[in-house]
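Report on one structure; see the data block that follows.
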Ligand SMILES: *[C@@H]1O[C@H](CO)[C@@H](O)[C@H](O)[C@H]1NC(C)=O
Ligand SMILES: *[C@@H]1O[C@H](CO)[C@@H](O)[C@H](O)[C@H]1NC(C)=O
Ligand SMILES: *[C@@H]1O[C@H](CO)[C@@H](O)[C@H](O)[C@H]1NC(C)=O
């Protein structure tokens with residue numbers, strides 16, 4: 001059973017603006033980096049201790065570090081086959097849980113045209129790990145396997161607790177996991193978290209605890225929503241609210257980050273987009289560029305203005321393989337809105 005309430009009808013009816021922001025490519029992985037012919041970046045976190053970027057890949061259970069000021073990817077963690085049997089083969093979500101310690105989700109996915117929906121989680125392959133970057137080399141430890149999980153994806157920490165919440169994109173649920181004891185359970189399950197099986201096998205995807213809410217995206221249902229939670233247990237204490245609905249094709253919302261100064265969510269989306277959603281539910285197509293090879297996740301840099309966007313790249317097809325990229329979007333820079341043409345014209349005339 002679930003209860004749906006709309007945040008406000010007015011918010012959902014809000015018109016979609018199209019303001020675009022300056023985009024710069026920071027890095028593109030070498031195809032050789034992963035050992036499987038290309039690199040698909042799934043998730044990103046800002047490493048607060050040094051301002052660098054942590055990048056999780058699904059092409060190998062790898063975590064790389066990238067210094068945006070001197071971009072050269074460095075492999076920090078490789079959990080590929082750490083459990084044997086080829087498991088895990090991928091890393092997905094990442095969240096900092098204490099100083100320079102990260103919890104990541106891991107598992108295996110089937111890829112390719114023979115899979116309805118293109119990508120599908122493999123039953124029995126999912127697990128959760130702690131990665132301690134306080135020393136070098138990084139120390140990794142298994143928190144727990146979750147045999148019932150079907151597609152562990154976004155990870156978020158509940159502040160001042162030992163709990164992380166992890167989206168299961170295929171099950172349509174959120175797990176709580178105690179990163180000290182390994183105890184886990186499904187704390188929220190709802191039809192608003194479900195995928196569209198065989199079409200888009202990813203429902204709930206990105207997750208972030210902010211204030212007393214768990215914010216989430218659902219890729220298949222093209223929604224950005226939130227649910228009030230108990231900060232001790234992670235359980236829902238109220239109805240799920242839809243903050244915004246994707247207004248058009250190209251709004252298969254994936255991972256996101258909040259801009260510190262405004263609280264707007266900046267959401268990566270297939271095939272070429274970044275969407276900006278205000279707290280009031282207004283939706284702006286912030287970036288739409290064919291340079292972006294399948295946006296997967298976003299993270300604000302330490303300056304609070306630069307939004308880093310990762311992409312999955314292109315694995316197969318006539319144009320593949322092209323590895324995943326990292327872009328920087330200047331969200332404080334001048335926007336190129338509808339009047340851009342006019343501005344250019346005036347400049348040219350002057
Ligand atoms: C990660 O480890 C696996 C298994 O040992 C190995 O096959 C693979 O080449 C390693 N990946 C990288 C990028 O070093
Ligand atoms: C995976 O597990 C689910 C739930 O138990 C089941 O419905 C599904 O058929 C399984 N998929 C495969 C490929 O075995
Ligand atoms: C993004 O740009 C492409 C190419 O111009 C266009 O076809 C597509 O509709 C745009 N996406 C959105 C969501 O407006």
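The values are calculated or read from the model by the stated rules, or taken from the named source; none is laboratory data. Note that this is a predicted model, so its numbers are computed, not measured. Reconstructed Cβ throughout: ideal geometry from the backbone, glycine too, with neighbour counts over all protein chains shown.
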Requested in this report: Restrict the check to the stretch 264-275 and report whether at least one residue is at pLDDT 95 or above and over 27 Å from residue 39 (Cα atoms).
Outcome: yes
Query - Output for the stretch 180-206, where each listed residue is crowded, with 23+ Cβ neighbours inside 10 Å, under 21 Å from residue 102 (Cβ atoms) and out of contact with any helix residue (DSSP H, G or I) (no Cβ under 7 Å at 6 or more places or on another chain) - result: 205, 206
Query - Scope the stretch 15-56; condition assigned to a strand (DSSP E or B) and either without any contact (Cβ under 8 Å) to a residue 40 or more places away in the chain or within 16 Å of ligand 2 (Cβ to nearest atom) (or both); matching residues - result: 52
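Select from the stretch 87-126 the residues that are part of a strand (DSSP E or B), within 16 Å of ligand 2 (Cβ to nearest atom), under 23 Å from residue 178 (Cα atoms) and under 21 Å from the mean Cα position of the chain (by Cα) and list them in ascending order.
The first filter runs over the stretch 87-126 and keeps only residues part of a strand (DSSP E or B), leaving 87, 90-98, 101-107, 109-111, 119-121.
Checking the rest, the ones that are also within 16 Å of ligand 2 (Cβ to nearest atom) come to 87, 107, 109-111, 119-121.
Restricting the remaining residues to those that are under 23 Å from residue 178 (Cα atoms) gives 87, 107, 121.
Answer for the stretch 87-126, where residues must be part of a strand (DSSP E or B), within 16 Å of ligand 2 (Cβ to nearest atom), under 23 Å from residue 178 (Cα atoms) and under 21 Å from the mean Cα position of the chain (by Cα): 107, 121.
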Report task. Quick one: which strands (runs of 3 or more DSSP E) lie wholly within the stretch 180-294 and hold at least 3 residues that are without any contact (Cβ under 8 Å) to a residue 40 or more places away in the chain and more than 13 Å from ligand 3 (Cβ to nearest atom)? Result -> 184-189, 223-228
**Report entry** Check on residue 159, away from ligand 1 (no atom under 16 Å from the Cβ), within 20 Å of the chain's Cα centre (by Cα) and surrounded by fewer than 22 Cβ atoms within 10 Å (Cβ to Cβ)
**Finding:** yes
Requested in this report: Could you please find all residues in the stretch 254-294 being under 17 Å from residue 209 (Cα atoms) and either surrounded by 19 or more Cβ atoms within 10 Å (Cβ to Cβ) or within 16 Å of ligand 2 (Cβ to nearest atom) (or both)?
Outcome: 254, 255, 256, 257, 264, 265, 266, 267, 277
